[in-house]
Amino acid sequence: MRATVMYGAKDVRVETVPDARLVESTDAVVVVTRACICGSDLWPYNAMPRSEAGNRMGHEFIGIVDAVGSDVRTLKKGDLVVAPFAWSDGTCEFCRNGLQTSCLHGGWWGGTELDGGQGEAVRVPQADGTLVVLPVGPDHALMASLLTLSDVMGTGHHAALAARVAPGKIVAVVGDGAVGLCGVIAARRLGAERIIMLGRHAARIALARDFGATDVVSERGDAAIARVRELTGGLGAHSVLECVGLGEAMLTAVSVTRPGGAVGRVGVPQENAIPNAKPTFYDNITIAGGPAPVRAYIEQLLPDVLDGRIEPGRVFDRVTNIDGVPDGYRAMNQRESIKVMIEF
Ligand SMILES: [Zn+2]
């Protein structure tokens, strides 16, 4: 089968690899029908040290179950399934509490040992706990929005929950990538009164407004902080979604949060310190978040997607086949594209 392998920064190749197959009795093999490239794939795309073995890539996919191990109970050949960006058993202490990203028997797609989503098929460990059967056919019109349940929509939702978005709250979203845009959808869905999007790119701002952003702040750094304060009567936002991961974005996020407010961080931190420790202490600012347990959110968000109440699939602005994956990385890295979908 063919799959995407990254050998180092800016070196993404589509190659023939060993076919996905059952190894454990709890595995399934899924033939991928849709996958995508993630903003988080751009961190290694820009910084991965050269590797002889290469890393298999992709952690967002929908596909059709092709085979199941003898201990798989909830899935059968032919089911259309969506996979969350981490796999999990669904039964351990953390899974039962809705934190599947900390599953005691779980893990992450790709790397040197496992298949990734940006390939023709995937061996899925802990298939019963990991996969969710979709009640539609593989070419359903909502496929793009359903695919976002594997990561970006669930991650935006997690940021909003961690930032304690609720009816009547003023929300600020730092980051105009696919996750930030889904954060706007999530904030509106949870009843936010105002949603301030911090971003500059015209197409992303337009989409943010369609998704429910009421204000846009296109300044950067100190000017952005001053503008959000001005828009909030000098007080700052109740809930701030940090959807980037860079230190500067986190500094902006904590600086626009009002006393007693909360920052929900879902951008993978690229630095080990959280800025402004003292001011955030004296202002009683909560800093929460982490990798989203999207497996817990798929069933919660699925009805809204199927009913068309939310349309997170609009973050995809480019579609390619597997041969176009390397160029898809390039396009997303150069911000030509918000998010690239791969059709198989
Ligand atoms: Zn678990």
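The table below lists the values:
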item	result
Positive-end extreme of charge dipole, the stretch 153-289 - chosen from GLY221, VAL254, GLY191 (charges on Cβ)	GLY191
Computed over the stretch 153-289: relative contact order in percent, which uses C-alpha pairs under 8 Å that are six or more apart	26 percent
Computed FRET value (nearest 0.05) for ASN284 with ARG50, which takes r as the C-beta separation and R₀ as 41 Å	0.35
Rounded tilt (10° steps) of 221-231 against the dominant C-alpha axis of the chain	70 degrees
Neighbour count of at most 10 Cβ within 10 Å plus DSSP loop: longest GluC sites (Glu not before Pro)-free window in the chain	114-344
Phi to ³J(HN,Hα) by Karplus 6.51 cos²θ - 1.76 cosθ + 1.60 over the stretch 335-343, Hz, x for Gly, Pro	6, 6, 10, 6, 7, 9, 9, 10, 9
The chain - mean residue ellipticity at 222 nm from DSSP helices (-39,500 (n - 2.57) per run, n ≥ 4, rounded to 500)	-8000 deg cm²/dmol
C-alpha center-to-center spacing [the stretch 182-225, the stretch 105-129] in angstrom	34 Å
Note, ³J(HN,Hα) from phi for the stretch 6-20, Karplus 6.51, -1.76, 1.60, rounded to Hz, x at Gly and Pro	9, 9, x, 4, 6, 10, 10, 10, 9, 9, 7, 10, x, 4, 4
Residues of type aspartates and glutamates that LYS77 reaches as a straight line, Cα spacing below 15 Å, ignoring anything fewer than 8 places off in the same chain	ASP27, ASP66, ASP128
With 20 Å bins from 0: P(r) over the chain, alpha-carbon pairs, percent	32, 57, 10, 0
Gaussian network model of the chain, springs between alpha carbon atoms under 10 Å - residue of ASN272, ASN321, ASN284 with greatest fluctuation	ASN272
25 Å Cα-Cα reach of LYS339 towards lysines, excluding residues that sit fewer than 8 places from it in its own chain	LYS10
Estimated vicinal HN-Hα couplings, Hz - the stretch 154-163 in sequence order (Karplus 6.51, -1.76, 1.60; Gly, Pro = x)	x, 6, x, 5, 5, 4, 5, 5, 5, 8
Cβ charges +1 (Lys, Arg) and -1 (Asp, Glu), total dipole of the chain, debye	880 debye
Interchain or long-range residues, amide H under 5 Å from ALA237's placed H	THR257, ARG258
Residues listed by number, the stretch 168-190, amide nitrogen under 15 Å from ASP307 label point at 7 Å toward C-beta	189-190
Sequence-distant residues sharing a close amide H with TRP109 (under 5 Å, placed H)	TRP87
All lysines inside 26 Å of LYS278 as judged from Cα atoms, apart from same-chain residues fewer than 8 positions distant	LYS169
Debye intensity ratio in log₁₀ form over the Cα atoms of the stretch 153-289, taken at each q of 0.10, 0.19 Å⁻¹	-0.24, -0.97
Amide H partners (placed H, <5 Å) of ALA67, local residues excluded	VAL29
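No lab work stands behind these numbers, since they all come straight from the coordinates. Just so we're clear, the structure is a prediction, and the values are computed from it rather than from any experiment. Heads up, the Cβs are rebuilt from the backbone with ideal geometry, glycines too, and the neighbour counts pull from every protein chain shown.
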